[in-house]
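Visitor: Quick one: the structure is below, questions incoming.
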Amino acid sequence: MHEFSICQNLVEAILDAIKTMQPRPKRLLSAHVVAGRMRQIVPQFLESAYEALIQDTPAAGSKLNIIEAPIKAKCLVCGQVSEITPPSFACQGCQSQSLDTISGMELYLDHLEVEVENETGN
Amino acid sequence: MKQEIKVYRNLMGANEEWAAKTREVLKEKKITMINIIGSPGAGKTALLEKIQTFLKGRLRFGVLEGDVETTRDAERLATLQIPVSQLLTDGACHLEAKLVHYALLDLPLDELDLVIVENVGNLVCPAEFDIGEHAKIAVLSVTEGEDKALKYPLLFRESKAVILSKIDLLPYLPFQMDVCLAAVKQIKGDVPVFALSAYKSEGMQAWVDWLLTFSEKK
C-alpha cells in the first residue's frame, strides 16, 4: 500500500507543474508516469489513490496513465545488456547471475497532457 | 487544443533527499546503518536481541524500531540496555527516509558504531524505500516456505545479505533448504545467506562476523 504515499508525491509534482505553465492550461487531461517493472507498483492502487487525491484540485477529472519500463541489467562477466524477466535474473548471453541492474527502478512523472486555449482565443 | 508538456520529475525525490541527509549524518559520525526487512514474525527482534550477545562489545549498536502500533519491541530491546528509538508509522506499511532521519537524531550517536533499523514487518513496501542505509538485509524464516525470494524479488535483489531464521524448527517442517537457496540465488546469485537460529544461538557467529566485516569495509 505504499502507492498512496507515492501518489501524494505525484499529485504534488503535477500541481507544481501546472502552476508554472504559461499560459495556464484550461484543464489537465492526463498524467503519464513511468514505473520500472522492478518497482512493485500495483496500477489499480495507484489509480485509486490518484482519483482520491486529485479531487477538488486543478488536476480534478484527469486520467493517470502508467507506462511500464523493463528491467535491464549489464552482465559483469560478458558485458551484455539483457532484458530481465523475473523471477529469472540471469544474463541472456552467458547465463551469469553477476548482474548490475541498470534500469527497472524508475519512478517518475514523464509528461502531462493539457488542454490549452486555441491561439484564436476559442 | 491538446498540448503535451514534458515534466520529468522523480517521484521518490523527496525521500531520496532525506536519505542523503541521513547518509551525511552517518558519515560524519562514522556509523554503519543496516535496514532489516522481513515479514511479521520472521524473528527480526529476536535476532537483534541475540546480536548484542555475539557482538561482545566489538561494536556499539543502537536500534531504530519500526512498528505500525505498540512500543513492545522497543521495550524488549531497552531491557537489554540497547539504545532504541521507536518509530510508529500509525498504519503505514513501511518506513520512509524523513521519519528515519529524525528518529536517528534521537539516538546517542556519539556513543554508537552501528545502527540497526528494524523495518515494519512486510516483504513488499519497505524494499522500495531508500532510508539512507548502507545495506538492506532480508530476513526469511523457514516457516514461511521456500519460494519467498521468487515472490518478492525486489527485496532479495536489493539485499546485501539474506538471513534464513528459525532453523531450529527444520526437523518439524517439510522445508527444503536446497530449494530455498536456489530461489534466493535465482534472484541474486552472489548474495551471502546466513542460516541461523537466534533462539538456539546456532549460526549467529557467522552472521555477526559478516556484520563486523561489512561495518569496517562499507
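The values are calculated or read from the model by the stated rules, or taken from the named source; none is laboratory data. Note that the coordinates shown come from a computational prediction; the quantities given were computed from them, not determined experimentally. Don't worry about glycine lacking a Cβ; one is built from the backbone with ideal geometry, like all the others, and counts go over all protein chains shown.
Visitor: Scan the stretch A:7-17 for residues that are facing chain B (nearest Cβ under 9 Å) and either touching an Asp or Glu at 6+ places or on another chain (Cβ under 8 Å) or surrounded by fewer than 20 Cβ atoms within 10 Å (Cβ to Cβ) (or both) and report the count.
Guide: Of the stretch A:7-17, the ones facing chain B (nearest Cβ under 9 Å) are A:7, A:9-10, A:12-14, A:16-17.
Okay, now just the ones that are also either touching an Asp or Glu at 6+ places or on another chain (Cβ under 8 Å) or surrounded by fewer than 20 Cβ atoms within 10 Å (Cβ to Cβ) (or both), so A:9, A:12, A:16.
Of the residues in that region, 3 qualify.
Visitor: When you look at B:Val208, is it more than 14 Å from chain A (Cβ to nearest Cβ), surrounded by 16 or more Cβ atoms within 10 Å (Cβ to Cβ), among the β-branched types (Val, Ile, Thr) and out of contact with any strand residue (DSSP E or B) (no Cβ under 7 Å at 6 or more places or on another chain), yes or no? It would help to see each step written out before you state the result.
Guide: On the way: more than 14 Å from chain A (Cβ to nearest Cβ): yes; surrounded by 16 or more Cβ atoms within 10 Å (Cβ to Cβ): yes; among the β-branched types (Val, Ile, Thr): yes; out of contact with any strand residue (DSSP E or B) (no Cβ under 7 Å at 6 or more places or on another chain): yes.
So B:Val208 passes the test.
Visitor: Here is a follow-up. Output the strands (runs of 3 or more DSSP E) that fall wholly within the stretch A:71-122 and possess 2 or more residues being β-branched (Val, Ile, Thr), or say none. Even if it seems obvious, please write down each step before you answer.
Guide: On the way: elements: A:71-75, A:81-84, A:99-103, A:107-115.
Qualifying strands (runs of 3 or more DSSP E): A:81-84, A:99-103.
Visitor: Something else now. If we scan the stretch B:171-186, do we find a residue that is of a type outside the set (Lys, Arg) and closer than 19 Å to B:Phe54 by Cβ? Outline the logic, then answer.
Guide: Within the stretch B:171-186, the subset of a type outside the set (Lys, Arg) is B:171-184, B:186.
Now restrict to residues that are closer than 19 Å to B:Phe54 by Cβ: none.
No; the residues of the stretch B:171-186 include none that is of a type outside the set (Lys, Arg) and closer than 19 Å to B:Phe54 by Cβ.
Visitor: Only one of B:Thr32, B:Thr45 is of a type in the set (Ser, Thr, Tyr), modelled with pLDDT under 95, closer than 21 Å to B:Ala161 by Cβ and within 14 Å of the chain's Cα centre (by Cα). Can you tell me which?
Guide: Numbers: B:Thr32 fails: modelled with pLDDT under 95.
Just one listed residue meets the conditions, B:Thr45.
Visitor: Turning to a different aspect of this structure: Does A:Arg24 count as touching a helix residue (DSSP H, G or I) at 6+ places or on another chain (Cβ under 9 Å), facing another protein chain (nearest Cβ under 9 Å) and charged (D, E, K, R)?
Guide: Values: touching a helix residue (DSSP H, G or I) at 6+ places or on another chain (Cβ under 9 Å): yes; facing another protein chain (nearest Cβ under 9 Å): no; charged (D, E, K, R): yes.
The answer is no for A:Arg24.
Visitor: Could you say whether any residue in the stretch A:46-54 is in a loop (DSSP other than H, G, I, E, B), in contact with a Ser or Thr (Cβ under 9 Å, 6 or more places away or on another chain) and β-branched (Val, Ile, Thr)? Spell out how you get there, then give the answer.
Guide: Residues of the stretch A:46-54 that are in a loop (DSSP other than H, G, I, E, B), as a first pass: A:54.
From what is left, the residues that are in contact with a Ser or Thr (Cβ under 9 Å, 6 or more places away or on another chain) are A:54.
Pick out the ones that are also β-branched (Val, Ile, Thr) and you get A:54.
The answer is yes, given that some residue of the stretch A:46-54 is in a loop (DSSP other than H, G, I, E, B), in contact with a Ser or Thr (Cβ under 9 Å, 6 or more places away or on another chain) and β-branched (Val, Ile, Thr).
Visitor: Please determine whether any residue of the stretch B:110-119 is in contact with a Ser or Thr (Cβ under 6 Å, 6 or more places away or on another chain), within 14 Å of another protein chain (Cβ to nearest Cβ) and surrounded by 23 or more Cβ atoms within 10 Å (Cβ to Cβ).
Guide: If we filter the stretch B:110-119 for residues that are in contact with a Ser or Thr (Cβ under 6 Å, 6 or more places away or on another chain), which is where we start, we get B:114.
Now drop any that are not within 14 Å of another protein chain (Cβ to nearest Cβ), which leaves none.
No, there is no match, as no residue in the stretch B:110-119 is in contact with a Ser or Thr (Cβ under 6 Å, 6 or more places away or on another chain), within 14 Å of another protein chain (Cβ to nearest Cβ) and surrounded by 23 or more Cβ atoms within 10 Å (Cβ to Cβ).
Visitor: Just the residues that are within 7 Å of chain B (Cβ to nearest Cβ), surrounded by 15 or more Cβ atoms within 10 Å (Cβ to Cβ) and closer than 17 Å to B:Tyr152 by Cα, please, taken from the stretch A:83-100. First the steps, then the outcome.
Guide: Residues of the stretch A:83-100 that are within 7 Å of chain B (Cβ to nearest Cβ), as a first pass: A:86-89, A:97-98.
Still in the running and surrounded by 15 or more Cβ atoms within 10 Å (Cβ to Cβ): A:86-87, A:89, A:97-98.
The answer is A:Pro86, A:Pro87, A:Phe89.
Visitor: Turning to a different aspect of this structure: Looking at the stretch B:1-15, which of the residues that are touching a helix residue (DSSP H, G or I) at 6+ places or on another chain (Cβ under 7 Å) and assigned to a helix (DSSP H, G or I) is nearest to B:Ile167 (Cα to Cα)?
Guide: B:Asn15
Visitor: Can you tell me which of B:Met12, B:Met1, B:Met33 is closer than 21 Å to B:Leu87 by Cα and within 14 Å of chain A (Cβ to nearest Cβ)?
Guide: Working: B:Met1 fails: closer than 21 Å to B:Leu87 by Cα; B:Met33 fails: within 14 Å of chain A (Cβ to nearest Cβ).
Result of the check over B:Met12, B:Met1, B:Met33: B:Met12.
Visitor: Which residues, taken from the stretch A:1-21, are more than 25 Å from A:Val116 (Cα to Cα) and out of contact with any helix residue (DSSP H, G or I) (no Cβ under 8 Å at 6 or more places or on another chain)?
Guide: A:Ser5
Visitor: Take the stretch A:60-71 and flag every residue that is crowded, with 18+ Cβ neighbours inside 10 Å and over 30 Å from A:Arg27 (Cβ atoms).
Guide: A:Ile71 - this is the single residue of the stretch A:60-71 that is crowded, with 18+ Cβ neighbours inside 10 Å and over 30 Å from A:Arg27 (Cβ atoms).
Visitor: Taking the residues in the stretch B:11-33 that are in contact (Cβ under 8 Å) with a residue 40 or more places away in the chain and among the small types (Gly, Ala, Ser) as candidates, determine which candidate is farthest from A:Val11 (Cα to Cα).
Guide: This residue is B:Ala20.
Visitor: Please give the number of the condition B:Gln3 fails out of (1) free of Cβ contacts under 8 Å to residues at least 40 places away in the same chain; (2) buried (at least 22 other Cβ atoms within 10 Å of the Cβ).
Guide: (2)
Visitor: Output the residues belonging to the stretch A:36-45 that are more than 9 Å from chain B (Cβ to nearest Cβ) and not in a helix (DSSP H, G or I).
Guide: The answer is A:Gly36, A:Arg37, A:Val42.
Here is a yes/no grid of residues against (1) more than 20 Å from B:Ser215 (Cβ to Cβ); (2) of a type in the set (Asp, Glu); (3) free of Cβ contacts under 8 Å to residues at least 24 places away in the same chain:
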residue: B:Leu87; (1), (2), (3): yes, no, yes
residue: B:Asp90; (1), (2), (3): yes, yes, yes
residue: B:Leu95; (1), (2), (3): yes, no, no
residue: B:Pro108; (1), (2), (3): no, no, no
residue: B:Leu114; (1), (2), (3): no, no, no
residue: B:Pro126; (1), (2), (3): yes, no, no
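Visitor: Taking the condition of a type in the set (D, E, K, R), over 16 Å from A:Leu10 (Cα atoms) and either at pLDDT 95 or above or out of contact with any strand residue (DSSP E or B) (no Cβ under 8 Å at 6 or more places or on another chain) (or both), does A:Lys63 pass?
Guide: Details: of a type in the set (D, E, K, R): yes; over 16 Å from A:Leu10 (Cα atoms): no; either at pLDDT 95 or above or out of contact with any strand residue (DSSP E or B) (no Cβ under 8 Å at 6 or more places or on another chain) (or both): yes.
Against the criterion (of a type in the set (D, E, K, R), over 16 Å from A:Leu10 (Cα atoms) and either at pLDDT 95 or above or out of contact with any strand residue (DSSP E or B) (no Cβ under 8 Å at 6 or more places or on another chain) (or both)), A:Lys63 does not qualify.
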